[in-house]
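S.K.: Please see the structure below; I have some questions.
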Amino acid sequence: MADKHVVRFEPVGIEIEADEDQTILRAAAEQGVMLMHGCKEGQCASCKSFLLEGDDVEHERYSTFALPDFEKEEGYTLLCRAHAYEDLTIELLNYDEEMIHSGLPIQEGVVEVVSIGHVTHDLRHLVVRLLEPETLKFFPGQYLDFAVPGTEETRSFSMANTSCREDGRLEFVIKVYPGGLFSQFLDTRLRPGDRLAVTGPFGVFTLRDNPDAPVVFVGGGAGIAPILALLRSMAERGIGRPAVFYYGARRRRDLCFTEELHALEEKLPDFRYVPALSEPDGDGWDGETGLITDVVRRRETALRGADAYVCGPPPMVEAALELLPALGVPEKRVFYDKFTTTGEG
Ligand SMILES: Cc1cc2nc3c(=O)[nH]c(=O)nc-3n(C[C@H](O)[C@H](O)[C@H](O)COP(=O)(O)OP(=O)(O)OC[C@H]3O[C@@H](n4cnc5c(N)ncnc54)[C@H](O)[C@@H]3O)c2cc1C
Ligand code: FES
């Protein structure tokens, strides 16, 4: 068994024990400490932190876009790739007081496929049932890591449902990439009754308390999954905050969950669904057109005091992260999940 070391996080004053053979992020998650993270693969920089004391740290492979060499030399580290070989004190550059203490310890589990349906030509609706553990606590908006059968790889997928308390079911929306390791397997080989190994829950894309503050959701592609979870949870919990969901798709055939989103407009007291198409040619479309961030820029002029939730492909998320603060959303109130893909390198 590998040696353990104490890792202290400042300024929150939380201590964990980390095995040399696990990353610091993973050790924290296992102990119910939910640190800021995104890809968990050294690509997105969400987990970047600073070594205050101790420097005996080894990193697994990461992208130098996320951690350039000069930053590493100054003492910056990526917690999703870092292994501690001595006791450390680490300054968290990015943390969320509300989330850090609410972390649910991650669990390893096995799920059985219930159904795989078509949401659009390239989005699939995967429903699974937990076999073990029988139930899993998670916050709406979080995700699980799925082991890709026959490989050492994992892929992350966000739950679109709000809990699995009643029937152990979990629901996902998954984009099929040509040649995609997991998504092609899902599309061509996975069948109801098959079993998959999962780990989780992970993620900090969860609805934060801010009574009465308006909420702006911006999503694209499979990014609809955790946003659906947040909207469904608002409806279940009777949260009547003014809310709008801007969803970007290419063409009409890429739109999904339209009926449910319109039903949510009826159910939630002040909610609007605004889909937009970036390539509407010949679709007979009379709704919004253009990139979803351009639509937000056109329609929203004053977002001071609003909270924003952004989820989807990295370029869309990055554009939204620039735009929303410029429209008045406080930077710290823009919550996001970037659906980074391993293949992008
Ligand atoms: C926190 C988090 C949550 C996520 N949640 C979801 C979710 O709910 N639903 C979902 O569908 N995905 C989600 N993802 C992405 C998901 O984890 C996989 O990365 C994605 O499904 C691709 O996996 P794959 O094995 O099918 O493809 P891979 O084998 O990883 O690669 C796909 C192939 O397509 C290429 N490729 C990769 N990205 C693109 C791109 N953007 N455009 C064109 N070609 C590309 C690659 O170069 C490669 O050849 C999430 C990711 C993160 C980090
Ligand atoms: S770089 Fe660590 S979570 Fe993305």
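Readers should treat all values here as calculations from the given coordinates under stated rules, not as data from a laboratory. Computed from a prediction, not measured in an experiment: that's the story for all the values here. Please note: Cβ atoms are built from the backbone with ideal geometry, for glycine as well, and neighbour counts cover all protein chains shown.
S.K.: Counting Lys and Arg as +1 and Asp and Glu as -1, what is the net charge of the other residues whose Cβ lies under 10 Å from the Cβ of M234?
M.R.: +3
S.K.: Next up: Considering the options V215, G282, M316, tell which one lies farthest towards the positive end of the dipole of segment 215-338, charges being +1 on Lys and Arg and -1 on Asp and Glu at the Cβ, about the Cα centre.
M.R.: So the residue we want is V215.
S.K.: What is the local net charge at V310, summed over the other residues whose Cβ is closer than 9 Å to its Cβ (Lys, Arg +1; Asp, Glu -1)? Could the numbers behind the result be given before it?
M.R.: Details: positive: K338; negative: D337.
Net charge in that neighbourhood comes out at 0.
S.K.: Go through segment 234-245 residue by residue and turn each phi into a ³J(HN,Hα) via Karplus (6.51, -1.76, 1.60, θ = phi - 60°); whole Hz please, and just put x for glycine and proline.
M.R.: 4, 5, 5, 8, x, 8, x, 4, x, 9, 9, 10
S.K.: Taking 0.36 nm per residue of sequence separation and subtracting the Cα-Cα distance, how much length would be gained by fully extending the chain between D209 and L52, in nm to one decimal?
M.R.: 53.4 nm
S.K.: Taking amide H positions as placed 1.01 Å from N in the peptide plane, with prolines and chain starts having none, which residues 5 or more places from S46, or on another chain, fall under 5 Å of its amide H?
M.R.: Excluding prolines and chain starts, which carry no amide H, the hits are G38, C39.
S.K.: Moving on. Cβ neighbours within 10 Å, averaged per peptide: list 248-261, 61-74 in order, most packed at the top.
M.R.: Averaged packing, sorted descending, gives the order 248-261, 61-74.
S.K.: Taking H placed 1.01 Å from N in the peptide plane, check which residues at least 5 places from F339 or on another chain put their amide H under 5 Å from its amide H.
M.R.: HN-HN under 5 Å from F339: G312.
S.K.: Rg/Rh for the chain to two decimals, with Rh computed the Kirkwood way over all alpha-carbon pairs. Write down the numbers at each step before the final one.
M.R.: Values: Rg = 20.2 Å, Rh = 21.0 Å.
My calculation of the ratio gives 0.96.
S.K.: Run the dipole for segment 215-338 about the Cα centre, Lys and Arg Cβ at +1, Asp and Glu Cβ at -1, nothing else charged, and hand back the magnitude in debye, nearest 20. Mind showing how you got there, number by number?
M.R.: Working: 16 positive and 19 negative charges, 67 e Å.
Here the size comes out at about 320 debye.
S.K.: In addition: Output ³J(HN,Hα) for segment 117-124: one whole-Hz value per residue in order, computed from phi by the Karplus curve 6.51 cos²θ - 1.76 cosθ + 1.60 with θ = phi - 60°, and x for Gly and Pro.
M.R.: Residue by residue, segment 117-124 yields x, 8, 8, 9, 4, 10, 10, 10 Hz.
S.K.: Skipping prolines and chain starts, which residues have an amide H placed within reach, meaning under 5 Å, of the one on G103, given they are 5 or more residues away or on another chain?
M.R.: M34
S.K.: Along segment 65-75, what does the Karplus equation 6.51 cos²θ - 1.76 cosθ + 1.60 (θ = phi - 60°) give for ³J(HN,Hα), rounded to whole Hz, x for Gly and Pro?
M.R.: After applying 6.51 cos²θ - 1.76 cosθ + 1.60, I find 6, 6, 9, x, 3, 5, 5, 4, 5, 6, x Hz.
S.K.: Separate question: All other residues with a Cβ under 10 Å from the Cβ of V57 taken together, and with Lys, Arg as +1 and Asp, Glu as -1, what is their net charge?
M.R.: Taking every other residue near V57 into account, the sum is -2.
S.K.: Could you order peptides 19-29, 182-192 by the average number of other Cβ atoms within 10 Å of their residues, highest first?
M.R.: Values: 19-29: 20.5, 182-192: 15.6.
Top of the packing list down: 19-29, 182-192.
S.K.: Then there is this: Using r as the Cβ-Cβ distance of E132 and Y177, and R0 as 22 Å, what FRET efficiency do you calculate, to the nearest 0.05? Spell out each step's value before the answer.
M.R.: On the way: r = 30 Å, r/R0 = 1.34.
FRET efficiency, E132 to Y177: 0.15.
S.K.: For the chain, what number of Lys pairs, 8 or more residues apart or on separate chains, have alpha-carbon atoms under 22 Å from each other?
M.R.: 12
S.K.: If you don't mind, there's one more thing I want to ask. Take peptides 155-166, 78-89 and line them up by average Cβ neighbours within 10 Å, highest first, as a rough protection proxy. Write down the numbers at each step before the final one.
M.R.: Numbers: 155-166: 20.1, 78-89: 21.9.
In decreasing order of mean packing, 155-166, 78-89 become 78-89, 155-166.
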